[in-house]
Amino acid sequence: MDSMDDSTCYRLFFTGFSTRKRPTLPKKFHLGFWLAMGVAAATWILLILNYDALPDPLPVHWDLMGHPNGFVDKTKNAVHQNAGLILILIAGFYFFSNKHYQAKRLIDPARPKTSLIRYQIARDRMSLFMVLLANVLAFLLAVVQLGTIWSLPPWIYPVASITTFTVVFGGIAIYYLTTGDHGQRLTVKTDETVNENLAPRTDPTLWVPKRFSGGYTVNAGHPIGKLIYIGIILLVLALILF
């Protein structure tokens, strides 16, 4: 990561964005997403080219062992919908990862440089998770869809399913338990001197990342945040009493 002086880091905290060019998704992640989209697109093309070999009714849902348990009438529109959905989903992951990499940085004013390092590690890990998720979904689609045309080894179905579930739920759990939305759970060693005069309560950001779970919450140290919490308490009391 490029080095920044204290004034630049301080501006990042107050404006949310650096005065420099906004960061872009590294090439390695672009290649990962293009690989997943290539697999999904190749599966789609093979299904259309082998349309006559597809069974009727057409399987659209499978159990863990790869046995079809949901069917629709065989039409080209049904093939397009099933194969195209995954491709659109992967493209959505790609778009989200690009935007997440350029998202507003929430900086601890007392530790600006440390916050920037944590943020970069966090966004790299989130991008890696999205690339893995996109590829396992593309692989799962290829296995179950192409298995309706050609005979595949029976063990490949549970392997594809278990791998997908492991990446989805295991990846989310690992990310939030070890990293956090903006890297707040990471331990980073730097030579930065902590500025104790800039306490978290001086943070002007209304929405801040949760400390112990994913997502955001209202900053209770913000004047508007205090009004929001007081309003919630008064609303609950009103519902109870009246």
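For segment 46-65, state whether one or more residues are under 15 Å from ALA138 (Cβ atoms) and either under 22 Å from the mean Cα position of the chain (by Cα) or modelled with pLDDT of 75 or more (or both).
Within segment 46-65 (the criterion being under 15 Å from ALA138 (Cβ atoms) and either under 22 Å from the mean Cα position of the chain (by Cα) or modelled with pLDDT of 75 or more (or both)), the answer is yes, since at least one residue qualifies.
With the condition kept exactly as written, say whether any residue in segment 132-148 is without any contact (Cβ under 8 Å) to a residue 12 or more places away in the chain, in a helix (DSSP H, G or I) and farther than 16 Å from THR24 by Cα.
Checked segment 132-148: no residue is without any contact (Cβ under 8 Å) to a residue 12 or more places away in the chain, in a helix (DSSP H, G or I) and farther than 16 Å from THR24 by Cα.
Only residues that are touching a residue at least 60 places away in the same chain (Cβ under 8 Å) and either under 11 Å from PHE33 (Cβ atoms) or in contact with a Lys or Arg (Cβ under 9 Å, 6 or more places away or on another chain) (or both): list them for segment 86-104, please.
Passing the criteria: PHE93, TYR94, SER97, ASN98, TYR101, GLN102.
Suppose we filter segment 152-172 for residues that are within 12 Å of the chain's Cα centre (by Cα) and of a type in the set (Gly, Ala, Ser); how many remain?
Within segment 152-172, residues that are within 12 Å of the chain's Cα centre (by Cα) and of a type in the set (Gly, Ala, Ser) number 1.
Go through segment 88-103 and give me each residue that's touching a Ser or Thr at 6+ places or on another chain (Cβ under 9 Å) and either at pLDDT 85 or above or not in a helix (DSSP H, G or I) (or both).
SER97, ASN98, GLN102
Every residue, every condition in (1) touching a helix residue (DSSP H, G or I) at 6+ places or on another chain (Cβ under 9 Å); (2) surrounded by fewer than 16 Cβ atoms within 10 Å (Cβ to Cβ); (3) not hydroxyl-bearing (Ser, Thr, Tyr), yes or no:
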position: ALA142; (1), (2), (3): yes, no, yes
position: GLN145; (1), (2), (3): yes, no, yes
position: THR148; (1), (2), (3): yes, no, no
position: LEU152; (1), (2), (3): yes, no, yes
position: ILE156; (1), (2), (3): yes, yes, yes
position: THR166; (1), (2), (3): yes, yes, no
position: GLY171; (1), (2), (3): yes, no, yes
position: LEU177; (1), (2), (3): no, yes, yes
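The values are calculated or read from the model by the stated rules, or taken from the named source; none is laboratory data. Just so we're clear, the structure is a prediction, and the values are computed from it rather than from any experiment. When we count neighbours, we look across all protein chains shown, and the Cβ atoms used for this are built from the backbone with ideal geometry, even at glycine.
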